[in-house]
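Here is the structure we will look at, set down as structure tokens.
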Amino acid sequence: MKTIRLAGATVELHDNPLTVTVYPEGEVPAYPQATDGYKAQARELGYDDVAVMSRHHELAHSLLAAWLEQPHSHTLRALASGKEWEHWRLEEAAVLAIQALATRLGIDLQAVAERLAAS
């Protein structure tokens, strides 16, 4: 397992496709789904692999928070607390747009997160 500390979270990258974003009050686990809809979303975003899309998606929440100088992903921190942030749709749309742009530019969001966390 690899961990990346970024924007108030510890993101655990497990050897299996599981990605867990951890905050003091809880965690948000994410597994890629084997559904047709999930596979279609991966293709739409430019991914060949749903596991990579899922991992990049979770990391993009923390990357976005870091880039916007926020203490954490408001959406994921709320989920970790068992709540829902009222503007989660805006954050989700931004994360999906980042993923789509990154794949078109050939950018590996995990590598970006690792570099940002190391700086």
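The values are calculated or read from the model by the stated rules, or taken from the named source; none is laboratory data. Everything numeric in this text was worked out from a predicted model, so none of it was measured. Cβ sites come from the backbone with ideal geometry, for glycine too, and all protein chains shown count toward neighbours.
Some values worked out for this structure:
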| quantity | calculated |
| --- | --- |
| Any hit, the stretch 66-76, residues being polar (S, T, N, Q), surrounded by 18 or more Cβ atoms within 10 Å (Cβ to Cβ), out of contact with any Cys (no Cβ under 9 Å at 6 or more places or on another chain) and part of a loop (DSSP other than H, G, I, E, B) | yes |
| Unique residue being over 10 Å from the mean Cα position of the chain (by Cα) and either in a helix (DSSP H, G or I) or among the hydroxyl-bearing types (Ser, Thr, Tyr) (or both) when the list is 101, 63 | 101 |
| Only listed residue being surrounded by fewer than 13 Cβ atoms within 10 Å (Cβ to Cβ) and at pLDDT below 95, chosen from 36, 15 | 15 |
| Residue list for the stretch 104-119, filter: part of a helix (DSSP H, G or I) and either more than 26 Å from residue 48 (Cβ to Cβ) or touching a residue at least 12 places away in the same chain (Cβ under 8 Å) (or both) | 104, 109, 110, 112, 113, 114, 116, 117, 118 |
| Members of the stretch 1-37 that are assigned to a strand (DSSP E or B) and of a type in the set (Asp, Glu) | 12, 27 |
